[in-house]
Each structure stands twice: as structure tokens, then as C-alpha cells.
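Everything on this sheet refers to the single structure shown next.
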Amino acid sequence: MHGAPLHGTPLHGTPLHGTPLHRTSLHRTSLHRTPRPKTPARGTALLIALLACALVALAPAPDAQAFPARSKQQVLDYLRSITGSNIVSGQHNKEPASNPGQYTQQVKDVTGQYPGLWGGDLMFRAEDVADRQRVIDQAKTEWANGSLVALTWHVCPPTMGSSCEFEGGVKSAITDAQFTQVVTDGTALNTAWKRRLDEVVPYMQQLKAAGVPVLFRPLHEMNESWNWWGHRPGTNGSARLYRITHDYLAAKGLDNLIWVWNVQDNPAGGWSTYYPGAGYVDVASLDVWYKNYPSSSDYQQLQTIAAGKPIALAEMGKIPNASLLDSQTRWAYFMMWSEQLRGNNTNAELQAGYFHPRVLNQGEVKLT
């Protein structure tokens, strides 16, 4: 989700608890503890600390190679191996493409840790589409530094050009007749969709060449109506578009893509009516926006659909707490949504989440 809608309402930039919250109102300073008055000794210590930080910043970064080239299967085997015992921390980084690590850096600023999973987006606005290479370069860097890599795509509809705004573009509707065309081979809109996919193939090929498997989550939240591809249950609905997307990219040789199927925690249920089939899914995932945390019934419903495949929390606005981590142990990873990281969590909550004994951060994810 791009803007975290609540209770089925397609709102862009909306927080939990149903109260509209504009991005400009997320004052990070309000999340910091109130500073104590500085004594001269404390001021001297602060100056020394700042000088030390400056020296660290000037030092060249090590050529980290925590993860050599790996296959899709090795990452999937890893996710299966930690299921029930550990969970990988993740952080999404939304637009702009020019700053594809801004939110993972915020995690480090607050917790002293980088997440074990970096998330990015293939973007939609013209300036970000033109800067996709920055996102791919960041993915390569994150992998080399020891984090898993995930990409989603807030994609513009095939009825429009390659770029669009979120409002009226990604967040829009196409007619049933247009959707039927998109999922019917040989039609103009089906061809337009495949040309849209062609635009990202070279970037995915770069990651394949670098030995970077990608947790790829296309057409996310397909059980919701805020996006143009969603809210069409049944075998010929949103799931069919997902299958077409899978088959087209697989035919391009992109065997480094780990296919992450995704729904939102809509209380109406019926998530299985959007499932494209076991042969099209590697990981089944849930976005949690109707409430802070998945319910026990959400947890069970997704496990039933996954039928033994890894399951994940692909978007959250609230950092998992000890109660969730200790009771729902089969989630393989969680992904915090960009600005919600500090807009909806205190520093203490983030630190508690990242230092929970079950949580694996960068440097603790070990691929064999």
C-alpha cells in the first residue's frame, strides 16, 4: 500500500486509528526524548562524540560482501528454516527514487541496527521512473551488506503512460471491459501491460546478474479497491493478472524473482478467492492496516492459504511487539512502512522490536 488506507477507504497517506494524518504533520522531533540541560562536562562529552562521528563518516566504508551471489531457492530455504524460530526485520523505502535508503537509515539512527530486509519500489512518478537505477543500485548494496532484498511496484495502469501520479493513476479504477482486455491475450491493453513489464525487465536482469534474489510483490493488496488492479475475486480476476505477470517475467529468464502474493487484512475475508495457485506463489503475505497487528484468525487464514509456504507481514504501520512475536511465530519477516516507522512508533518501541531475541537484523541473516 502506498498510503495505508483503513477499513477499505482508499486514502493516501493515512495513519492507523482512522484519523487523517498528512505527511507534513509527522514531526520527528516530537518522537525524541526531552533533552536534559547540558552541564559543561556534558557539553564537552557531546563535542567529543560529534568529532568521533565526523571521523567515522569520513572513513571509507568497507567493501562489504556479507552475501555472495545466491539463488532464489537458497533464500526460500532460509525463510523456511527460520519459520517458527526467528523473524527477519524489514523496512520499506518509498519515493523518491533519489533517496532509496532513507528509511533504513532512520532505523539505524534509532536502533543502531540496519534491518535484515531492505524494501524498495519500482515507482510511478516520472522523475522516479527515470531514476530507477538508483533503486537497483541500492538493492545491490543492501544485498552486499547482508540484507535480503524486496521490491514492490506501484504501477500505472496500462490505460495510461509509463508514469503517473498516485492519485488518479495508481489509485484509480479501470472498467470491467478494460480489465477483461488486460487479461485477454492479444488485445491492445494486454499488449500494453506486457510493454509495461518490459520496462522493468532490464533492472531485474541486473539483479539476476549480480546474484541477488528479489522478494517481488507485484499487484499487492489485490483484495482492496483503492488500486486499479484490485477487488476482482475469482480465477479470471486480479489473480489472473498476477499469473500473466508471473508467466511473462518468468519467460524473460528472471528466475531470481521470489514471488510474493499479497492481500490486506480486510475483515471481509475471502482472501483465498484472490489466490493465483500454488505454482505461482513462493511466499504468501499480509499487509496489516485495519488494525495494529494481525489477529489470530488472520494468522490462521493466511497459513491455510499458504499450505506450508512461508508467510510474511509485507506492510505494517506498527512495529511488532513482544506479544505478537511470541504468539505468532511462523511469520518469516515483517516490513515496516516508510514514514510510519517514526510517525507511528516511539523510539522505545522500535528499539524493543529490533532487539527482541527472535528478530534478525542485518548481520544476523545467514545464508548457506
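The values are calculated or read from the model by the stated rules, or taken from the named source; none is laboratory data. Bear in mind that the values here come from a model prediction, so they are computed numbers and not experimental data. When we count neighbours, we look across all protein chains shown, and the Cβ atoms used for this are built from the backbone with ideal geometry, even at glycine. All accessible areas refer to the heavy atoms of the entire protein, side chains included, with ligands and DNA or RNA removed. Shrake-Rupley method; radii C 1.70, N 1.55, O 1.52, S 1.80 Å.
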Scan the stretch 63-80 and report the pairs whose first residue is closer than 18 Å to TYR333 by Cβ and at pLDDT below 95 and whose second residue is among the aliphatic types (A, V, I, L, M) and in a loop (DSSP other than H, G, I, E, B), with Cβ atoms within less than 7 Å and a gap of 6+ or a chain change.
PHE67/LEU367; ARG70/LEU367
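Could you list, in sequence order, all residues of the stretch 162-184 that are under 24 Å from the mean Cα position of the chain (by Cα) and either touching a residue at least 60 places away in the same chain (Cβ under 8 Å) or open to solvent by 40 Å² or more (accessible area, probe 1.4 Å) (or both)?
Looking only at the stretch 162-184, we keep the residues that are under 24 Å from the mean Cα position of the chain (by Cα), and these are 162-173.
Correct list: SER162, SER163, GLU165, PHE166, GLU167, GLY168, VAL170, LYS171, ALA173.
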Those residues of the stretch 226-285 which are more than 27 Å from SER297 (Cβ to Cβ) and not in a helix (DSSP H, G or I) amount to TRP228, ASN236, LYS252, GLY253, LEU254, ASP255, ASN256, LEU257
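Hey, can you tell me all the residues within the stretch 232-251 that are open to solvent by less than 10 Å² (accessible area, probe 1.4 Å) and of a type in the set (A, V, I, L, M, F, W, C)?
Let us first name the residues in the stretch 232-251 that are open to solvent by less than 10 Å² (accessible area, probe 1.4 Å), namely 237-239, 241-242, 245, 249.
Correct list: ALA239, LEU241, LEU249.
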Restricting to the stretch 121-133, what's the tally of residues that are outside any loop (DSSP other than H, G, I, E, B) and surrounded by 18 or more Cβ atoms within 10 Å (Cβ to Cβ)?
4
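Would it be correct to say that ALA144 is touching a Leu at 6+ places or on another chain (Cβ under 7 Å), touching a residue at least 24 places away in the same chain (Cβ under 8 Å), open to solvent by less than 20 Å² (accessible area, probe 1.4 Å) and among the small types (Gly, Ala, Ser)?
On the way: touching a Leu at 6+ places or on another chain (Cβ under 7 Å): no; touching a residue at least 24 places away in the same chain (Cβ under 8 Å): yes; open to solvent by less than 20 Å² (accessible area, probe 1.4 Å): yes; among the small types (Gly, Ala, Ser): yes.
No; evaluated as a whole, the condition is false for this residue.
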How many residues, within the stretch 297-310, are out of contact with any helix residue (DSSP H, G or I) (no Cβ under 8 Å at 6 or more places or on another chain) and hydroxyl-bearing (Ser, Thr, Tyr)?
2
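Okay, residues lined up against (1) in contact with a Phe, Trp or Tyr (Cβ under 8 Å, 6 or more places away or on another chain); (2) part of a loop (DSSP other than H, G, I, E, B); (3) within 20 Å of VAL260 (Cβ to Cβ):
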residue: GLY308; (1), (2), (3): no, yes, yes
residue: ALA312; (1), (2), (3): yes, no, yes
residue: PRO320; (1), (2), (3): yes, yes, yes
residue: ASP326; (1), (2), (3): no, no, no
residue: ALA332; (1), (2), (3): no, no, yes
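Can ILE244 be described as of a type in the set (Val, Ile, Thr) and in contact with an Asp or Glu (Cβ under 7 Å, 6 or more places away or on another chain)?
When the stated conditions are applied, ILE244 does not pass them.
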